[in-house]
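Colleague: Okay, here's the structure, questions in a sec.
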Amino acid sequence: MKQRPVIRCPQCYAINRPEAARCFRCGRPLAGSPIGTADTPAWLWHEKADLLERLRRAGAEWPPWVLWARRVLAAAVDQLLVAGVFGLIMLAAVFLTDFPVASGWRRLSFRVQTGLIFLLLHFLYTFVFQVFLSATPGYWMMGLALVPAVGPHPWLSPGRVAARWLGLWVLTALGGLGLWWSLLDRRHWFLHDRLAGTRPISQAEYQLRWDLLLKE
């Protein structure tokens with residue numbers, strides 16, 4: 001990141017913003033030309049340190065069980081939204097077309113056809129919102145976001161989102177194994193999060209991560 005010229009205080013030698021009239025540390029009036037950009041401004045270090053402290057506090061904002069309950073409610077909201085859109089699509093398909101389609105899907109039953117359409121719609125819903133916003137509408141309503149389990153950046157890659165979605169449905173087909181895992185896990189994370197390398201955080205922590213990233 002290219003830095004603007006800054007001013008060093010002649011009394012305490014602190015680095016100040018170029019537009020500062022007084023030193024932020026000792027209060028001495030500042031005058032003279034900027035000293036260059038070799039050193040990182042002290043105000044930037046202070047802002048980053050403040051963001052890191054706020055991140056630490058935000059990470060401990062909710063106990064694990066509260067976070068788990070919010071995630072369950074968020075998943076229920078997402079399922080209702082997808083089911084509502086799916087219902088509207090199916091009604092339109094039945095009344096406006098010759099659905100169920102015979103050609104191409106001849107050997108598939110009506111239930112299988114509708115099931116595949118629901119899964120496709122659920123995947124597109126999850127993929128778009130999690131890749132571009134790191135949260136589905138249900139997660140936004142519950143004040144949650146998803147980020148990689150390791151690393152400083154706050155966004156999810158398309159491959160990670162696809163792996164997480166696939167793990168969710170495979171574990172659901174195995175008798176809801178991911179849900180049972182979350183009840184026994186120390187942090188009450190779901191198993192598909194463990195497998196895909198993702199973790200839930202609050203929206204406040206998510207915004208702080210972006211603020212810190214912009215200051216790098």
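The values are calculated or read from the model by the stated rules, or taken from the named source; none is laboratory data. Quick caveat, the model's predicted, so the values are computed rather than measured. Here the Cβ positions follow ideal geometry from the backbone for every residue, glycine too, while neighbour counts run over all protein chains shown. These accessible areas exclude ligands, DNA and RNA; they are computed on the full protein's heavy atoms, side chains included. Shrake-Rupley method; radii C 1.70, N 1.55, O 1.52, S 1.80 Å.
Colleague: Alpha carbons only, please: Rg and Dmax for the stretch 132-190, in angstrom.
Modeller: 12.6, 34
Colleague: When a/c reaches 1.5 or more, the comparison of a/b and b/c decides; with that in mind, is the stretch 65-214 rounded, prolate or oblate per its Cα gyration tensor?
Modeller: prolate
Colleague: Under a 5 Å amide H to amide H cut-off, with H placed in plane at 1.01 Å, what residues pair with ALA149 once short-range neighbours are removed?
Modeller: THR198, ARG199
Colleague: While we're here: Which of the peptides 88-97, 202-211 is most tightly packed, and how do the rest follow, going by the mean number of other Cβ atoms within 10 Å of each residue?
Modeller: 202-211, 88-97
Colleague: Still on this structure, I have one more. Return one whole number: the accessible area per residue of the stretch 74-207 in Å², for a 1.4 Å probe.
Modeller: Value returned for the stretch 74-207: 56 Å² of accessible area per residue.
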